[in-house]
Amino acid sequence: MSGEQEAGTTAQGNTEAAPEAGSTQTVDTTAAAASAPGNGGDQAAPSGEQTAEQQQAAAQTQEGDAIEYQDFSMPELPENMAVDQPLLDSFKAFAAERQLSQEDAQAYVDFYAENAIGNHNKAVEEHEARVAQWRADSENDSEYGGEKYEASVANATKVLDRFATPELREFLDETGFGNHPELIRFAVRIGAAFSEDDSFSAAAQATGAGDTGEKSQAEVLYPGQS
């Protein structure tokens, strides 16, 4: 009897866990429904679908809402370097098209300005080094350099004073080409040619205001030879 009672007790304890045959089982789906997408759950939207915020931002972009940027801050620029205003205005339109924030647009400006300044400074340094090398080559030139350098430069300067326009002199000074060995050689040889036949002053007079006749370049450089 004790064995039958135990079996009966066990069977009775299991009737709550296992539904009777033919009965209908009720399942609580509230929690599952609450967590389903679109029902206020915490799960992220499936890939390819936009959130409400993203949809709103896209709608604003499509409507063409204009973004007005405050003036961008600019770093201190080196000498002879200025802000490219047309390029900056074009960038504002570019940034507005892409709905960049003021902070993000400023980051682009900072990046460009930093690189532009670096390239400018590098170019200036390279040109200054090139001019210094021209000067050194001129001072040591085998034809007019060394001990003859000072006298050679004096003669070359006379040639430029007589025949170079103010615009040419300004160009030579600003670019440093006045130190180029071949330009100095050119002027030195002209000065030497005038010194040999003592016609430098005559050529200078031929270019003076008192001369009413027009002379060709050959007549100015080589007077008396026609």
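Taking the condition farther than 30 Å from GLU150 by Cα and either loosely packed, with under 15 Cβ neighbours inside 10 Å or polar (S, T, N, Q) (or both), does GLN70 pass? So that I can check it myself, show each step before the final result.
Working: farther than 30 Å from GLU150 by Cα: yes; either loosely packed, with under 15 Cβ neighbours inside 10 Å or polar (S, T, N, Q) (or both): yes.
In short, yes.
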Open item on the list: Being hydrophobic (A, V, I, L, M, F, W, C), surrounded by fewer than 17 Cβ atoms within 10 Å (Cβ to Cβ) and within 27 Å of ASN80 (Cα to Cα) is true for just one of ALA164, ALA154, ALA193. Which residue is that?
Closed with: ALA164
- [ ] Pairs only if they're at least six apart or on different chains, beta carbon under 6 angstrom, first in region 130-142 and surrounded by fewer than 17 Cβ atoms within 10 Å (Cβ to Cβ), second outside any loop (DSSP other than H, G, I, E, B) and among the aliphatic types (A, V, I, L, M); list them, first residue then second.
- [x] none
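Condition check ((1) surrounded by 14 or more Cβ atoms within 10 Å (Cβ to Cβ); (2) under 13 Å from the mean Cα position of the chain (by Cα)) across all residues:
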residue: VAL83; (1), (2): no, yes
residue: LEU87; (1), (2): no, yes
residue: ALA93; (1), (2): no, no
residue: ALA105; (1), (2): yes, no
residue: TYR108; (1), (2): yes, yes
residue: ALA113; (1), (2): yes, yes
residue: ALA116; (1), (2): yes, yes
residue: ASN121; (1), (2): no, yes
residue: GLU128; (1), (2): no, no
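For (1) of a type in the set (Asp, Glu); (2) modelled with pLDDT of 90 or more; (3) out of contact with any helix residue (DSSP H, G or I) (no Cβ under 9 Å at 6 or more places or on another chain); (4) within 30 Å of PRO181 (Cβ to Cβ), each residue gets a yes or a no:
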{"residue": "ALA57", "(1), (2), (3), (4)": "no, no, yes, no"}
{"residue": "PHE72", "(1), (2), (3), (4)": "no, yes, no, no"}
{"residue": "PRO75", "(1), (2), (3), (4)": "no, yes, no, no"}
{"residue": "ASN80", "(1), (2), (3), (4)": "no, no, no, yes"}
{"residue": "LYS92", "(1), (2), (3), (4)": "no, yes, no, no"}
{"residue": "GLN99", "(1), (2), (3), (4)": "no, yes, no, no"}
{"residue": "ALA123", "(1), (2), (3), (4)": "no, yes, yes, yes"}
{"residue": "VAL131", "(1), (2), (3), (4)": "no, yes, no, yes"}
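The values are calculated or read from the model by the stated rules, or taken from the named source; none is laboratory data. Values in this document were obtained by computation on a predicted structure and should not be read as measured data. Here the Cβ is made from the backbone with ideal geometry for all residues, glycine too, and neighbour counts use every protein chain on show.
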